[in-house]
Amino acid sequence: MINALDRHLIKQFIINLILGIFAWIIIFVIVDLIENISKFLDRGASFSQIFFYYIYYIPYIISLTLPVAVLLSTLFTISSMAMNNEIVAQLSSGISLYRILRPLIVLALLISVFSFFFNEITVPQANQKRLDIKRYQIEKKPRPQAQSRSNVYIQISTNETLSAKYYNGSSKRAVEVSIKKFKGSELVERIDAKSMQWRDSTWKLINVTVRRFKDQQEILIQRPDTVLAGLAVVPDDLALVQKKPEEMSYQELVKFIRELKTIGADPKKWIVEKHLKISLPFANFIVVLLGAPLASRKRRGGMGLNFGLSLAISFTYFIIIRVGQVLGHNGSLDPLLGAWLGNLIFLTAGLIALARVRK
């Protein structure tokens, strides 16, 4: 049951959280605008292009700074109650600190769940639109036409995919090509080729192996070369810029990693980024466990101390996250541990702080 004290705590937390989010949005936009305004003007960017660039930037800013805003809101809300002796009064009346903080912890869990879906649905789409505005409208870069790429993977249709270990945009040639056809989730045909060359407005496959699967049986067909006149892929499709991790959703990363493994590429970097899609939203819960006990004691310094403490914790947290990310990328740590290193350290610190504080 939620009582009046719970509603008061939740209300103050949400107000502080909204103010914190708006503050970080303004800070990020102003800093980025100061850094890039001369570049925008030199390239003749219009007001509309700049405006929508920063509109699409906002979801990424929220995603990046939400744990910091949650931590700030926690410190300000709980320390304000401590300064006004509200926590002491509740403890004196027999209410434990765990019970006082319970609505905040539950709310932090809900924020973590919201953050995951927000990062999964909204942020990748907004980031892709933002970077497209920067690349093709402001910087006026041409759409890629002759770009070389490694580890190519594209979805041809709802039931057909194409992957290649390497594509040379100049010669319009791909090597170690695999085309897969599905019926629902079942693989019904796989075409593997040593190389694929664009000639006379069609693709020619060299050293082809066709595998067809039916009734748990495999039919194997070897061909020296094959012309795929009906393949709905042109060289421009293979030259498209590979999405960055922040432009991809969790499910897109899962599919991309699966294809990297299929063609024998090293997926460690992308596995780390996949796990970060979950670990970063979970940070919203962990910072509350860490921040609430620290703020529950009455201290000198007020809001200035809380702000400095929040920045110090956040700065340390993101350094550890970055270290774990790099170690996961280069294989020094298991990708899962690399992505969760910061959360594990701060979760331990938060539980220790919660256990030691006056109940």
How far is helix 123-132 tilted, in degrees, relative to the longest principal axis of the Cα atoms in the chain, given as a value from 0 to 90 rounded to the nearest 10? 60 degrees
Principal-axis tilt of helix 335-356 within the chain, Cα atoms, nearest 10 degrees: 10 degrees
Estimate the FRET efficiency between E189 and D236 by the formula 1/(1 + (r/R0)^6), using the beta-carbon distance for r and 22 Å for R0, to the nearest 0.05. 0.30
Pairwise Cα inverse-distance average, inverted: Kirkwood Rh of region 117-228 (Å): 16.4 Å
Please compute the modelled spin-label separation between I156 and L344, points set 7 Å along Cα→Cβ, answer in nm with one decimal. 4.2 nm
Computed over the chain: longest principal axis from alpha-carbon atoms vs helix 250-262 long axis, angle to nearest 10 degrees, is 40 degrees
Could you name the aspartates and glutamates whose alpha carbon sits less than 14 Å from that of K268, not counting residues in the same chain fewer than 8 places away? E259, D334
Label-point separation, L305 to V175 (7 Å along Cα→Cβ), nm: 6.4 nm
At a 10 Å Cβ-Cβ cut-off, how would you order E35, E259, fewest neighbours first? E35, E259
I need Y54, Y60, Y167 ordered by Cβ neighbour count within 10 Å, fewest first. Y54, Y60, Y167
Go ahead and run the numbers for FRET between Q90 and V29, Cβ-Cβ distance against an R0 of 30 Å, rounding to 0.05. 0.15
With the contact rule set at Cα under 8 Å and sequence spacing of 6 or more, what percent relative contact order holds for region 149-240? 20 percent
Put in order of increasing Cβ neighbours within 10 Å, starting from the fewest, Y317, Y98 give Y98, Y317
Residues with amide H under 5 Å of S148's amide H, sequence separation 5 or more or different chain, H placed in the peptide plane at 1.01 Å from N; which? G169
What is the total of Lys pairs in region 149-240 with C-alpha atoms under 24 Å apart, excluding same-chain pairs fewer than 8 positions apart? 16
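Against the empirical 2.2 N^0.38 Å scaling, what ratio does the C-alpha Rg of the chain come to?
1.27
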Please give every one of the aspartates and glutamates within straight-line cross-link reach of K261, meaning a C-alpha to C-alpha distance under 14 Å, and leave out same-chain neighbours fewer than 8 residues apart. E176
Rank F47, Y153, N16 by how far each Cα sits towards the positive end of the charge dipole of region 1-154 (+1 on Lys, Arg Cβ; -1 on Asp, Glu Cβ) and give me just the farthest. Y153
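Each reported figure results from applying straightforward, stated rules to the coordinates on display, with no laboratory input. All figures in this text were calculated on a predicted structure; none of them were measured in a lab. Every residue, glycine among them, receives a Cβ derived from its backbone with ideal geometry; neighbour counts consider all protein chains shown.
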